[in-house]
Amino acid sequence: MNDTSKIFQDIVNMQDELNEKVVPGWREANLNWSSAVLSECNEYLDCFHWKWWKSGPNGADLGKVIDKDNLIVESIDLLHFLISQYLSETKSSNEHLGTLLTSTYEKIQERNETLIGTGSVSFDRVKTMKVLLSNSINAQPGHALTALMVILDDLGLSAVDIYEHYLSKNLLNFFRNLSGYKDPNVNYPKHVDGVEDNVIFKNIVSQVVEEMDDPSVEDIKKISFERMRQAIFPN
C-alpha cells in the first residue's frame, strides 16, 4: 500500500472500530485519554538512559537509546491513544482526521522545521515527547499528533512502515480480545518459547502483507488470525 491518504484514513478507521469493540459508544464515554498518553510517554522515556542514578560511570550513558525497537512500539501505542483523544475531544469525523494526518505527514516529508515550533535542525526525542505530552494534557491533541509524527519520521518510519506497525498492534489487540487475553479462565500465552506475542504477530502480519498483492485489512486480519492461532495455540 503506497497511497498515503488511504494509509492514514485506514489507520483512523481501524482505531475507531477497535475503540467501539472495547467500549461501545466510546466517543461519549469521557475516557481519560491524556492519562493514557501520560502512561505511554513514561514507557517511551524508559527506552532512554535518562535516570542519572542508574547510568554508567560519570553519566556516560545518559541520553542514549536503550531499545530503539521498543521506542517504535511505544510510539505506535501513542498513535492509538492520540487518534482516540483527537476524535473524542474535537468531535471531528474520521475523514477529517485522516486528511489532517496525511497533510502533516507530507509537510514533514518536505522538512518543515516549524511544525512543533523549534526551528532547529537538531532533534531531541525526549524534549519533543514532552511537547507531545504537554499538548495532550492541555487538550491540544492535534499539536500532540504533529509532535508524534515528527518523532515517527525521526525514527525512520515511512507511511508504509507506520501502517504496518500500527496494523500489527491494532489487529493484535483485536486478536487478544477475541482470544481471552484478559479472561482468567483462559490460559492465553503472552510468550511462546521466550518470544512475546506482539513480536510473533508483527512477523506474521509482515509476511502476509509481503505475500499478497494490495490486500484489504479484512484479508490481512483473517489470514493473520489463522496463523497466530496456530502459532500460540498449536493444539
Worksheet item: Quick check: is even one residue across segment 157-180 within 30 Å of F48 (Cα to Cα), modelled with pLDDT of 90 or more and part of a loop (DSSP other than H, G, I, E, B)?
Response: yes
Discussion item. So in segment 172-199, with the set limited to residues that are without any contact (Cβ under 8 Å) to a residue 40 or more places away in the chain and among the polar types (S, T, N, Q), which one is surrounded by the fewest Cβ atoms within 10 Å (Cβ to Cβ)?
Written reply: N185
Item to complete: Give the residues of segment 29-51 that are touching a residue at least 40 places away in the same chain (Cβ under 8 Å) and either closer than 18 Å to L148 by Cβ or assigned to a helix (DSSP H, G or I) (or both), sorted by residue number.
Response: W33, S34, A36, V37, L38, E40, C41, Y44, L45, F48
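A quick yes/no check of all residues on (1) within 22 Å of S75 (Cα to Cα); (2) acidic (D, E); (3) more than 19 Å from the chain's Cα centre (by Cα):
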site: Q140; (1), (2), (3): yes, no, no
site: L155; (1), (2), (3): yes, no, no
site: I162; (1), (2), (3): yes, no, no
site: G194; (1), (2), (3): no, no, yes
site: D197; (1), (2), (3): yes, yes, no
site: N203; (1), (2), (3): yes, no, no
site: S206; (1), (2), (3): yes, no, no
site: V217; (1), (2), (3): yes, no, no
site: F225; (1), (2), (3): no, no, yes
Practice prompt. Could you tell me whether segment 100-109 includes any residue that is of a type in the set (D, E), at pLDDT 95 or above, in the same structural domain as N30 (by TED's automatic domain parsing) and farther than 28 Å from D67 by Cβ?
Written response: no
Discussion item. Quick check on this structure: which one of V186, V192 is over 30 Å from M129 (Cβ atoms) and touching a Gly at 6+ places or on another chain (Cβ under 9 Å)?
Written reply: V186
Discussion item. Being surrounded by 12 or more Cβ atoms within 10 Å (Cβ to Cβ), without any contact (Cβ under 8 Å) to a residue 40 or more places away in the chain and over 27 Å from S84 (Cβ atoms): is that true of Q207 here?
Written reply: yes
Practice prompt. Confirm whether S5 is touching an Asp or Glu at 6+ places or on another chain (Cβ under 7 Å), over 20 Å from A139 (Cβ atoms) and at pLDDT below 95.
Written response: no
Worksheet item: Among the residues of segment 110-118, is there at least one that is modelled with pLDDT of 90 or more and among the basic types (K, R)?
Response: no
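The values are calculated or read from the model by the stated rules, or taken from the named source; none is laboratory data. Being a predicted model, the structure only gives us computed values, none of them experimental. Ideal geometry is used to build each Cβ from the backbone, glycine not excepted, and the neighbour counts take in all protein chains shown.
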